[in-house]
Structures are given as structure tokens and as C-alpha cells.
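The values are calculated or read from the model by the stated rules, or taken from the named source; none is laboratory data. Model, not experiment: these values are computed from the prediction. All Cβ positions, glycine included, derive from the backbone under ideal geometry; neighbour counts span all protein chains shown.
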């Protein structure tokens, strides 16, 4: 925009009429801009950009399409093309949109590693482990975020959804708190952006839970959850082709609650199920 240049030259004693004639627009257009230098469109764009930055900060996986959907949920009306233009100008790109040959590193941890690969606990609600897995259906991918108690191996909370966002991790945390209450546990995860998001960190803080994060590229840091996901993969996910998300979601819930918790005996628990082990340890503790 050339109008600020006219203003700067006018401060240097160069007549407005001369500058406007040289630059090719009228004095009236310049004075109209002086009366209202920020247009309504610029003002609306600024508010839209601020809202998009907040959404992307909480969920770095979100590209402009998901950001546009979230803005619509918040009552902000904007076309995808407009959101794309503003997001591109602000360099708000999904972390999955990697340029060829570019090797991106995981983000910095928001918590210290309080576990140091010791994934054991002497009592319930001392250490929770969490991670996210995915599986395709004919409708698209379905994502599961699960939280496992390191003492009994029970899945104390989980959330299933069509998008891998911070809400998936936060909802799993709320599910665990609804079952266990405020327990002050350590919650250990990898450095996935869902677990580094402001929404998730805030949920941990509000629940008085302590966050913990493993190191980059340390496969052993995921081993404690991989054993559960491996069983789920073999017993549910790979058993058939799933036609829709709801069908797979129901199968996952039934397997966790009916089979894994109540029928599957584990060597680490003395050939007891997670429910039996918790019942026995709680009885012993009460005695």
C-alpha cells in the first residue's frame, strides 16, 4: 500500500498532490484512507489470524482445512480459501506437511522424564502410561488414546475419535479421572504434539497430575504401551476389514472392557487379570 509513503513524504514537505499524481491515484483516495487507515477487512483478518494461531498452537497437526472447521465450530465465518491465505501468510502449517528432504525433529519436551524407563509401580495410581495408536477403516482412520496403570496394567482411561488432536488426549485423561478421581499420579508419554499441547498441559495441571516425557528416538520408552497396542492389533484391529469407524470403535471398547480387563490373564500379574489383580491388592491394602 502506497498511502503511508504519501504520508511520510508529506512530513518531508513534499506536497500530497504531487506524490499522488506521481504514484497514480487521487488525493481523495489518500484522504479517505487517512480517515480510516484500518479497513474492516483488515480488522476481521487480524481477529481471524489470532483465532487460527490459538487453534494451531493447541493442535500443531491442524492444517488450514481443520483450522477452518474449528473456526466454524467457534462461530467464526470464513471460507477455506481465506483461511488458507491467512495461514500461509502466518506460516501456520500442519506438522505433517513436510517438504521433501526436510527432516523435522520432535518438539521440545514440556515435562522432565520422571520415569527414566522404570515402568513399574508398587501401587495403583502412582504411574500412568499413555500413547496413541491408529487403524484404517473404509471411512478413514480411527485413533485411540489409551492410559494404562503401570501397577495393574488396567486401561484406566481411553478416548476414540476420527482425528488425532489434543482433544483425543485430553478426553482420555478426563475419562481416567472420572474412574480414578484426583490421584496425583505421574502421567508418562512420548513427545507427540498432542501431549505437548497447551490444552493437555493445562488438563494435567488442573487435575494435579505430574507430566513426564521420554527422550527422542528411545524405542524402549514406548515399550510399556506397545505391549497393549500389540494385543489390540492382533485380537481386534487385524481380525477383519472394518467398514466404518463406529463398528471398529464398538469392537475396541468391548475387547478392552470384556476381554482384556476381565478374561486375559497376564504373567506379570501372577496369571491374574487386571481387574482380579486390582481387587486382590485393594483387599490386601484394606486389611
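General remarks:
- Answer from 241, 265, 271 - the residue that is more than 23 Å from residue 175 (Cα to Cα), exposed (fewer than 14 other Cβ atoms within 10 Å of the Cβ), touching a residue at least 40 places away in the same chain (Cβ under 8 Å) and assigned by TED's automatic domain parsing to the domain that holds residue 136: 241
- Restricting 86, 71 to those that are part of a helix (DSSP H, G or I) and touching a residue at least 24 places away in the same chain (Cβ under 8 Å) reduces the list to 86.
- Residue within region 210-222 that is over 22 Å from residue 119 (Cα atoms) and not in a loop (DSSP other than H, G, I, E, B) present: no
- Condition check for residue 65: surrounded by 11 or more Cβ atoms within 10 Å (Cβ to Cβ), assigned to a helix (DSSP H, G or I) and either at pLDDT 80 or above or in contact with a strand residue (DSSP E or B) (Cβ under 9 Å, 6 or more places away or on another chain) (or both): no
- Hits in region 23-45 - residues which are within 30 Å of residue 73 (Cβ to Cβ) and at pLDDT 80 or above: none
- In region 191-200, residue surrounded by the fewest Cβ atoms within 10 Å (Cβ to Cβ) [restricted to those that are touching a strand residue (DSSP E or B) at 6+ places or on another chain (Cβ under 9 Å) and outside any helix (DSSP H, G or I)]: 191
- The single condition from (1) outside any helix (DSSP H, G or I); (2) modelled with pLDDT of 80 or more; (3) surrounded by 16 or more Cβ atoms within 10 Å (Cβ to Cβ) that residue 20 fails is (1).
- Single condition residue 224 does not satisfy, out of (1) under 23 Å from the mean Cα position of the chain (by Cα); (2) free of Cβ contacts under 8 Å to residues at least 40 places away in the same chain; (3) more than 30 Å from residue 53 (Cα to Cα): (2)
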